[in-house]
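**Q** Starting off with a structure, shown below.
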Amino acid sequence: MTHENEWPLWEVFIRGQHGMSHRHVGSLHAADAEHAIRNARDVYTRRNEGVSIWVVEAAKITASSPSDKGPLFDPARDKVYRHPTFYDIPEEVGKM
Amino acid sequence: MYAQMVQSTGKGLQDRKEMSPEDQAFQDRIDRGEKIEPKDYMPDAYRKTLIRQIGQHAHSEIVGQLPEGNWITRAPTLERKANLLAKVQDEAGHGLYLYCAAETLGVSRDELVEMLHSERMKYSSIFNYPTLTWADMGAVGWLVDGAAIMNQVPLQRTSYGPYARAMVRICKEESFHQRQGYHIMIKMAKEGTADQKRMAQDALNRFWYPALMMFGPSDKESVHSAQSMAWKIKINTNDELRQKFVDETVPQAEFLGLTIPDENLRWNDETGHYEFSEPDWSEFFEVISGNGPCNVERLNARRKAWDDGAWVREAMLAHARKSQKRAQAAE
């Protein structure tokens, strides 16, 4: 139901500190990418929340659908051997 | 409360036996405390009620800039001016977070704005009262933002993911709003001249009952509240939140040396709560249906801002489209 003359929607990702990955913080409307960065700066970093901003047009994101949740994620559930705690190591071996 | 009298289905709480299997599974998810995300299944009535509630909340943030914006140019010091500007800018930001949360439900921001301008959607009754003196900036921050926080803190646990996340951001920022308001009150009521004390008391007198109205009428008999609470898009009853607000605010007024304008206000040792007078609900219904002191002024200011900004929105879009075409041609 988007109006024809509405600025497109952008998703905003912010890197909170050096060394951290960018994290989704929300979305906003802007005419183009440069404008989206400026708006993101005003809307999402008023209190020093970031050192870097990514914006991506919401329409360009491909998302998995909720109905795919089973086929996508269930196979990982029973593979406990992918976790280190699955393997018992004798205490005398020490920290591993 | 920034969303007052949000209509849900109008039929009261739906019986589990009347639910489709999908709706039963949906209710089970909510009962387990799971968050509902935009692409997940949700009953149509849940979606519609949320659009109304989040939309009303967003409109309140946007219209809420006006009573305070009124004082930016007349703030008594540069520091107060900077504080107030930051607060009003926050309100704009909060409106934007909430519009985006509403948009994930399939409504566009322009549609929501149109519904506000054509009076098909409401905003909180509180913003239809005038801000007559500088002390009102204190009273608004202290009481209005205080009441808003009371409502918004539990909404961080609401069942709809994007709404809950917006509320987390908003609550983080809102605490400064209340404190800066109370700070103004301290300066005027405790440390100020006799005239400033009188102004502070007058602001409290005018904003006390409108602040109590923010929580909405008693919802003991409301058919909408029960359904909204089952969906966890409303966490506490209006009366619970109003009581909590009074209990927290009365000692704050005492500290300031101000008198709550209510002869019936007294502490009840047995209940552990204050007893207080209900606001005049006929006034509330008048204000919410468009006949408050500033309704016309507020809506006209919003419409004017929208119309005056049209050329900017159009020019930016035209520029973006042109640059995009140029970039494509160059490839």
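**Q** Taking square-rooted eigenvalues a ≥ b ≥ c of the alpha carbon gyration tensor, is chain B rounded, prolate or oblate, where a/c under 1.5 means rounded and, failing that, a/b exceeding b/c means prolate?
**A** On the way: a/c = 2.02, a/b = 1.16, b/c = 1.74.
Verdict is oblate for chain B.
**Q** Using a simple spin-label model with points 7 Å from Cα along the Cα→Cβ vector, what separation in nm is obtained for B:Val168 and B:Asn300?
**A** 4.3
**Q** Kindly identify residues of the range A:54-95 having a loss of at least 50 Å² in accessible area between the isolated chain and the assembly of all protein chains, probe radius 1.4 Å.
**A** For the range A:54-95, once contacts with the other chains are taken into account, A:Pro66 lose 50 Å² or more.
**Q** Where the accessible area of the range A:9-93 is counted over protein heavy atoms with a 1.4 Å probe, how much of it, in %, is carbon and sulfur?
**A** 53
**Q** Under a cut-off of 27 Å between alpha-carbon atoms, report the lysines in cross-link reach of A:Lys95, not counting same-chain residues fewer than 8 places apart.
**A** A:Lys95 reaches A:Lys79.
**Q** Find the sum over both chains of the accessible area lost when B and A are paired, probe 1.4 Å, and report it in Å² to the nearest 100.
**A** Its buried surface, counting both partners, is about 2100 Å².
**Q** Still on this model: Pairs of alpha-carbon atoms within less than 8 angstrom and 6+ residues apart define the contacts here; what relative contact order does chain A have, in percent?
**A** It comes to 26 percent, rounded to a whole number.
**Q** Then there's this: Given B:Pro261, B:Ile288, B:His273, which one lies farthest toward the positive end of the charge dipole of the range B:244-293, if we put +1 on the Cβ of every Lys and Arg and -1 on the Cβ of every Asp and Glu?
**A** Of the candidates, B:Ile288 comes out farthest on the positive side.
**Q** What FRET efficiency comes out for A:Asp42 versus B:Asp40 if R0 is 30 angstrom and r is the Cβ-Cβ distance? Round to the nearest 0.05.
**A** The pair A:Asp42/B:Asp40 has a calculated efficiency of 0.45.
**Q** Return the FRET efficiency for the residue pair B:Gln24, B:Ser175: r is the Cβ-Cβ distance, R0 is 30 Å, and the value is rounded to the nearest 0.05.
**A** The calculated FRET efficiency here is 0.15.
**Q** Compute the accessible area per residue over the protein assembly as shown, keeping the other protein chains in place, probe 1.4 Å, unit Å². Don't jump to the answer; show the numbers that get you there.
**A** Values: 22720 Å² over 427 residues.
Dividing the accessible area of the protein assembly as shown by its residue count gives 53 Å².
**Q** Give me the percent of the accessible area of the range B:105-193 that comes from carbon and sulfur atoms, probe 1.4 Å, all protein chains in place.
**A** Whole-percent figure for carbon plus sulfur exposure: 55.
**Q** Under the 0.36 nm per residue contour assumption, what length would be gained going from the current alpha-carbon distance of B:Glu254 and B:Asn205 to full extension?
**A** On the way: separation 49, 0.36 × 49 = 17.64 nm, distance 1.40 nm.
Contour length minus Cα-Cα distance gives 16.2 nm.
**Q** Under 19 Å Cα-Cα from B:Lys322, which aspartates and glutamates qualify once same-chain neighbours fewer than 8 residues away are excluded?
**A** Partners found: A:Glu4, A:Glu6, A:Asp32, A:Glu34, A:Glu57, B:Glu314, B:Glu331.
**Q** For the range B:40-47, just list the computed ³J(HN,Hα) in residue order, Karplus coefficients 6.51, -1.76 and 1.60, θ = phi - 60°, integers in Hz, with x standing in for Gly and Pro.
**A** 5, 5, 8, x, 4, 5, 5, 4
**Q** So which aspartates and glutamates pass the test for B:Lys197, namely a Cα distance under 13 Å, with those fewer than 8 places away in the same chain ruled out?
**A** Partners within reach: B:Asp136.
**Q** Sticking with this structure for a sec: Residues of the range B:156-180 with amide nitrogen under 18 Å from the 7 Å Cα-to-Cβ point of A:Arg23?
**A** Under 18 Å, as judged by backbone N against the label point of A:Arg23, lie B:156-157, B:161-174 of the range B:156-180.
**Q** Could you pull out the pairs from B:Lys87/B:Lys325; B:Lys87/B:Lys232; B:Lys87/B:Lys122; B:Lys190/B:Lys304 whose alpha carbons sit more than 32 Å apart here?
**A** B:Lys87/B:Lys325; B:Lys190/B:Lys304
**Q** So, one more: For B:Glu275 and B:Lys17 in one chain, what is 0.36 nm times their gap in residues minus the Cα-Cα distance, to one decimal in nm?
**A** Values: separation 258, 0.36 × 258 = 92.88 nm, distance 4.06 nm.
Length gained between B:Glu275 and B:Lys17: 88.8 nm.
**Q** What percent do you get for the relative contact order of chain B when only Cα pairs under 8 Å and 6+ apart count?
**A** Over chain B, the number comes to 22 percent.
**Q** Just checking the output field for A:36-44: average partner chain Cβ neighbours within 10 Å of each residue's Cβ?
**A** 2
**Q** FRET efficiency for B:Met316 and A:Val56, Cβ-Cβ distance as r, R0 = 25 Å, nearest 0.05?
**A** 0.85
The values are calculated or read from the model by the stated rules, or taken from the named source; none is laboratory data. Small disclaimer: the values here were computed from a predicted structure and weren't measured. Every residue, glycine as well, gets a Cβ built from its backbone with ideal geometry; the counts of neighbours run over all protein chains shown. For the accessible areas, the whole protein counts, side chains as well, though only heavy atoms, and no ligand, DNA or RNA atoms are used. Shrake-Rupley method; radii C 1.70, N 1.55, O 1.52, S 1.80 Å.
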